[in-house]
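Structure record follows, encoded as structure tokens.
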Amino acid sequence: MQLKHVTTTDINMAEFLNAAKNGVVSAGDRILIGDCEWKVLEITPDSALLWKCAGPGDDVPINKNGSNEYEGSDMQKYLREEFPETVPQELREAVTDEGFFLLSKEEVEKYMPREIDRIYEDEDGDTRWWWTRSAYRGNAGSTWYVATGGGVNYSYALGAIRCAPACRIKLI
């Protein structure tokens, strides 16, 4: 499935920070930082929550051992150690101490109530499944993910699907 591209603003971090502080950027806007598109999910007086919604990326399991525990997982290790090296330094420097993380199932539903808003596009414009950090409570080996059409479902945590992280950017 391929989607028609929405308007995305190519912006550097200094311009984004200024625009966010001055109310020019709002939730739902898409910005291009480096070679990835990020969707603004929330802006508070102190920070902005961004979600990587398009661009190149890696398919990573939550845990290679099949556990659905996010804390201490292979995915969390990837987001702390490897993923930051793939984004521009100016973005890494603006990220809060929590670093890059996966959204929870509840955050996905809160910030993107419409399925169409949850769709991730890879570098070829194809839609991809992507992980949340929420464990499926029906068994110890499954985790919630977002499917290509934006619906939320669960699958085995040892499967490698797209990592679509979020981060909180400091505005002060």
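Every number here is computed from the coordinates shown, using simple stated rules; none is lab data. Source: prediction; values computed, not measured. No Cβ is skipped: glycine too gets one built from the backbone with ideal geometry, and neighbour counts run over all protein chains shown.
Model label sites at residue 97 and residue 171, defined 7 Å from Cα along the beta-carbon direction, differ in position by 2.1 nm. The count of lysine pairs in the chain whose Cα atoms are under 15 Å apart, excluding pairs fewer than 8 places apart on the same chain, comes to 4.
Shape of segment 9-51 from its Cα gyration tensor (a ≥ b ≥ c, root eigenvalues): rounded if a/c is under 1.5, otherwise prolate when a/b > b/c, or oblate? It is oblate, given that a/c is not under 1.5 and a/b is not larger than b/c. Fully extending the segment from residue 35 to residue 114, taken as 0.36 nm per residue of separation minus the present Cα-Cα distance, adds 25.9 nm. Please work out whether the chain counts as rounded, prolate or oblate from its C-alpha gyration tensor, where a ≥ b ≥ c are the square roots of the eigenvalues and a/c under 1.5 means rounded, while otherwise a/b larger than b/c means prolate and anything else oblate? In terms of gyration-tensor shape, prolate.
Our coupling estimate for segment 139-144, obtained by passing each phi through the Karplus curve with A = 6.51, B = -1.76, C = 1.60 and θ = phi - 60°, is 7, 7, x, 10, 9, 6 Hz, Gly and Pro reported as x. Mean separation of Cα pairs under 8 Å and 6 or more residues apart, divided by the residue count, gives the chain a relative contact order of 28 percent.
For the chain, adding -39500 (n - 2.57) for each run of n ≥ 4 DSSP H residues and dividing by the number of residues yields -4500 deg cm²/dmol at 222 nm.
The ranking of 167, 36 by Cβ neighbour count inside 10 Å, starting from the fewest, reads 36, 167. Nearest 5 is fine: what % of DSSP beta bridges in segment 9-170 come out antiparallel, could you say? Around 90 percent of the beta bridges assigned by DSSP in segment 9-170 are antiparallel ones.
Given their separation in residues at 0.36 nm each and the Cα-Cα distance between them, residue 122 and residue 27 gain 32.0 nm when the chain is fully extended. Close amide H contacts of residue 42 (hydrogens built in the peptide plane, cut-off under 5 Å, sequence separation of 5 or more or a different chain): 49. Note that segment 54-60 has calculated 3J(HN,Hα) couplings of 6, x, x, x, 10, 8, 9 Hz, one per residue in order, obtained from phi through the Karplus relation 6.51 cos²θ - 1.76 cosθ + 1.60 (θ = phi - 60°); glycine and proline are x.
Computed from point charges on the beta carbon alone (+1 for Lys and Arg, -1 for Asp and Glu), the dipole magnitude for segment 9-170 about its Cα centre is near 540 Debye. For segment 124-138, putting each phi into the Karplus relation 6.51 cos²θ - 1.76 cosθ + 1.60 with θ = phi - 60° gives couplings of 9, x, 7, 7, 9, 5, 8, 6, 9, 8, 7, 6, 6, 7, x Hz, in residue order, rounded to whole numbers and with x for Gly and Pro.
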